[in-house]
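Undergrad: Sharing a structure, written as C-alpha cells. Questions coming.
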Amino acid sequence: MNSAIGTLRSLIRNRDDQERELRQLTKSVRKTMSMQKREVKGVGDIVFTVGKEETTVFEKENESRRDRGEAHYERVKNDVGSKDKLVVIWFRLLCERSEFMTDLVLGSTRPKHEHFFMGDKDGYKIITHQEMRGLTASDPTFCIWFKKDGAKTRHICDIRISYTADDRKNLKNKNYEMLPQCLSKFGLGYANVWILWTSCQILRLTNSDRIEKELKDYSDMLAKSPNDSILFNMVQEAERRLRDIHLREEEQGKDIPGDDLVYTKQFLALSKAELYKMKSTFKSINFDQKGRISVDDFVMFLREPLTMSPFVKQIFALSSQTNTVPILDAGSTLKAIAIFCMLGCSEMLKCIFAWYDIKGFGYIENREFLDLLGIFHPKHRDDRVVRSLKNADLPVDGTMSFGKFEDYNRKYPHLFYPAFRVREKMRDKFMGLHWWKRKLAKYEEVRKQVQEHDKREEERENRERRQRYEVSKDLMKQGTDFFDVKKKGRRKRRARKVGCE
C-alpha cells in the first residue's frame, strides 16, 4: 500500500515538474520571439531648416504631425549654423528597409570647392537648401549626398553633431562614425557629423506589435478618407490603447533578471536539482576554489587545445556586457553555456561570422577568414583543410559575405567542425547529450505552439477591428458616437476606483 502511494506521489511530482517546465519554457520562448521580432528603423529622409523663422514654423508643423500619430522628423540635438545663420538638421526614421539610407557623403554646392562632389552617376541623390547654395558671400555651400541600396546589410539609424572633444569621445564610445569633413569648410560651425550604423533590429522590451499594426492600418485608412470622423476616433482610440499597453509591458519587462544564475534557470526552465547539477560541474573546473575560472581553465576542462581559447572567449562574450571576459564566475559561465548550447547550425555559423563582423556590415575580409581557420586548425596540420583551401575559390575583391561563408560550410563542413565539437563537448559535460536533445525538442515544440497561438490571436483581433468599425458606422447612422460611450464608461470606472480608494 505504501509503495503504491509513493508511486502515485512520484507521478504527481513528475507531472507538476513537467507543467512547471512547460510554463517556464513558454515564457522563455515568448521573450526570445519578442526580441527576434524587434522593429527595424533607419534614417530615410533628411531636411534642413535655415533661419529662426523657418525653423519655428517647421517645428510647429512637425509637432502637429507627431500629435496626430503621423510620420515626423527628429531634430538633431546640436545646430550646425554659423553665428550669422541658424541651420538645423532634421531626419525621419522609417520602417521600410528599402527606404533606409546606406551611404552619406558631405559635399559643397560650389563646383570649384575642394569637397565638391557629383554623385548622380553613382546613384546618389542630393539634399540641400536654397539658402545654402553659396549665392551670396555669407551663404553656406553645404549639401548631403545619400544612397539607398536595399542589397546592403547595414544602414544609418541615427545622426549626431559634435563640437567639443568630449562630444567626440562620447560618440566614439557609442560606436558612432565621424564623417571626415569639418562643417566649417562649408561655411557652417566648427562641428562634425557623426552617423550610427546598424544591421540589427532595435531592442524592444515591449511587445505591442499588434496594436501598432492596428494603429498603422487605421492611419492609412484615415489618410485616404481624412473627413471620416469614425476613422479619426478609431486612430485616437488605438493611440490610447498603445500608450496603456506600453506602460503595462514596461512594468512586465522589469522582471528581466539581472542575475546570471536566475537568467540561466529561467531560460532553460531548470529545476533546483538541475541547476545544482550544473553548478556542481562548474565547481569541478574551479581548481583554486576561489569561485572563478579563466577561459584557459575552461578550455582544458573540455580537453580542447589552448589554440581554441580565442573562440571560447567569444562564446562567453555572448552573455557578457563587454568583449573582455578574462575571469568567469559560475553565473556567467552557466549563462554562456545555456545560450551557446541552444544554438542550431545556422545560429552557430552566425555566431562564428559575427566574431569578425563586429559592426554587422555583413562581410569579413579574406584575411580574417584565414585567421579563423588558423585558430580552428593550427598551422593547417589537417590535410583536409589544406586541400580545401587549395580548392576554395576565395572572393577576388578580398571580402566575404555571410552567404559565401555558409557555402563554404556546406562544401567543406570540416572547416568549422571544431566549433561544433566544442558545443557537443559542452553539452556532454553539462547535463549530457540526451538532456540537451530533449530540451531542444521541447523548446521547438513550445515555439510552434506559441506561433500558432499568436497567429490565431492576430486573426481574432483583425476580425474584432473590422467589427468595431462596422458597429461604429451603424451607431453614427443612429446619431450615437461609439467612442463617446467608451470614454464615458472609462470616466465612470475611474471615478468608482477613486471613490473606493
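The values are calculated or read from the model by the stated rules, or taken from the named source; none is laboratory data. Predicted, not measured: the structure shown is a model, and the values here were computed from it. Virtual Cβ from ideal backbone geometry, glycine too; neighbours counted across all protein chains shown. The area values use the complete protein model at the heavy-atom level, side chains included, leaving out ligands, DNA and RNA. Shrake-Rupley method; radii C 1.70, N 1.55, O 1.52, S 1.80 Å.
Undergrad: For the range 46-91, which GluC sites (Glu not before Pro) pass both filters: DSSP loop (anything but H, G, I, E, B) and at most 15 other C-beta atoms within 10 Å?
TA: E70
Undergrad: Tell me the per residue accessible area of the range 57-114 using a 1.4 Å probe; a whole number in Å² is fine. It would help to have the intermediate numbers written out before the result.
TA: Numbers: 3490 Å² over 58 residues.
With all protein chains present, the range 57-114 gives 60 Å² per residue.
Undergrad: Give me, ordered by chain and number, the residues 5 or more places off T399 or on other chains with an amide H under 5 Å from its own placed amide H.
TA: The answer is N366.
Undergrad: Now for a different question. Taking R0 as 41 Å, what's the FRET efficiency between Y190 and D217 from their Cβ-Cβ distance, rounded to 0.05? Each step should come with its number before you reach the end.
TA: Numbers: r = 47 Å, r/R0 = 1.14.
Calculated transfer efficiency: 0.30.
Undergrad: Enumerate the residues in the range 112-149 having an amide nitrogen under 17 Å from the point lying 7 Å beyond the Cα of R92 toward its Cβ.
TA: Output list for this probe position: 125-129, 146-148.
Undergrad: I need the calculated FRET efficiency for the pair K112 and N78, taking r as the beta carbon distance and R₀ as 25 Å, to the nearest 0.05.
TA: Working: r = 29 Å, r/R0 = 1.17.
Once the sixth-power term is evaluated, E becomes 0.30.
Undergrad: Once you have the Cα-Cα distance between T26 and E424, take 0.36 nm times their residue separation minus that, and quote the gain in nm to one decimal.
TA: Contour length minus Cα-Cα distance gives 140.8 nm.
Undergrad: Right, next: Probe radius 1.4 Å, ligands and nucleic acids left out: which of K41, K112 has the largest accessible area, and how do the rest follow? Don't jump to the answer; show the numbers that get you there.
TA: Values: K41 70, K112 195 Å².
The ordering from most to least exposed comes out as K112, K41.
Undergrad: For D158, D296, write out the residues from largest to smallest accessible area, computed with a 1.4 angstrom probe and no ligands counted.
TA: On the way: D158 25, D296 70 Å².
Solvent-accessible surface, decreasing: D296, D158.
Undergrad: Give me Rg over Rh for the range 59-161, both radii from the alpha carbons and Rh done the Kirkwood way, two decimal places. The partial results should precede the final answer.
TA: Numbers: Rg = 15.4 Å, Rh = 15.5 Å.
A ratio of 0.99.
Undergrad: May I pose another question? With the crude spin-label approximation of a point 7 Å out along Cα→Cβ, what separation in nm comes out for S284 versus D166?
TA: Each label point is offset 7 Å from its Cα along the Cβ direction, giving 5.4 nm.
Undergrad: Solvent-accessible area of E459, probe 1.4 Å, all protein chains present, reported in Å² to the nearest ten, please.
TA: That residue has around 90 Å² of solvent-accessible surface.
Undergrad: To continue, here is another question. Between Y417 and D122, what's the calculated FRET efficiency when r is the beta-carbon distance and R0 is 45 Å? Round to 0.05. Intermediate results must be reported in sequence, preceding the final value.
TA: On the way: r = 43 Å, r/R0 = 0.95.
Efficiency, from the Cβ-Cβ distance: 0.60.
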